[in-house]
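Working notes for the structure below.
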């Protein structure tokens, strides 16, 4: 059995590797990071921007998370033009910090348990 801390390290490593591969390939297609279940939540990472779909309560938790990760900021122009509930977050950070942010986003914003499973596509 894998301890929760080890599972978090594994998830963050997988996210960082996917971001690194995305950047090396110069891909314009987003990397989709989702929980293993068939339904959302999921987020997209593309070209140093993270697209998050949230409801009002999750938006409040996202704002609190952004206060803990000051390098990540809401991209106001993109967010204003986006559909309701879609937030664009500027992610100008190295892959490790982006992975830390994304994993914490699932834990804190989407209220996933410490042992949640992750799926990465793209």
Hey, any hits in the range 69-87 for a residue that's closer than 24 Å to residue 13 by Cβ, at pLDDT 95 or above and touching a helix residue (DSSP H, G or I) at 6+ places or on another chain (Cβ under 6 Å)? yes
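So, residue 115, is that one over 22 Å from residue 18 (Cα atoms) and in a loop (DSSP other than H, G, I, E, B) or not?
Working: over 22 Å from residue 18 (Cα atoms): no; in a loop (DSSP other than H, G, I, E, B): yes.
It is false that residue 115 is over 22 Å from residue 18 (Cα atoms) and in a loop (DSSP other than H, G, I, E, B).
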For residue 44, only one of the following conditions fails: (1) within 28 Å of residue 6 (Cα to Cα); (2) out of contact with any helix residue (DSSP H, G or I) (no Cβ under 8 Å at 6 or more places or on another chain); (3) not in a strand (DSSP E or B). What is its number? (3)
Odd one out for residue 62 among (1) surrounded by 15 or more Cβ atoms within 10 Å (Cβ to Cβ); (2) under 23 Å from residue 117 (Cα atoms); (3) at pLDDT below 95: (3)
Kindly establish whether residue 30 is surrounded by 13 or more Cβ atoms within 10 Å (Cβ to Cβ) and more than 14 Å from residue 108 (Cβ to Cβ). yes
Within the range 29-41, work out how many residues are under 19 Å from residue 98 (Cα atoms) and part of a loop (DSSP other than H, G, I, E, B). 3
The range 19-39 - residue that is under 13 Å from residue 91 (Cβ atoms) and in contact with a strand residue (DSSP E or B) (Cβ under 7 Å, 6 or more places away or on another chain) and, of those, modelled with the highest pLDDT: 19
Condition first: loosely packed, with under 14 Cβ neighbours inside 10 Å, closer than 17 Å to residue 11 by Cα and either at pLDDT 95 or above or in contact with a helix residue (DSSP H, G or I) (Cβ under 6 Å, 6 or more places away or on another chain) (or both). Can you find one or more residues in the range 97-114 that meet it? yes
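The values are calculated or read from the model by the stated rules, or taken from the named source; none is laboratory data. It should be emphasised that the depicted structure is a prediction, and the values quoted were computed from it without experimental measurement. Here the Cβ is made from the backbone with ideal geometry for all residues, glycine too, and neighbour counts use every protein chain on show.
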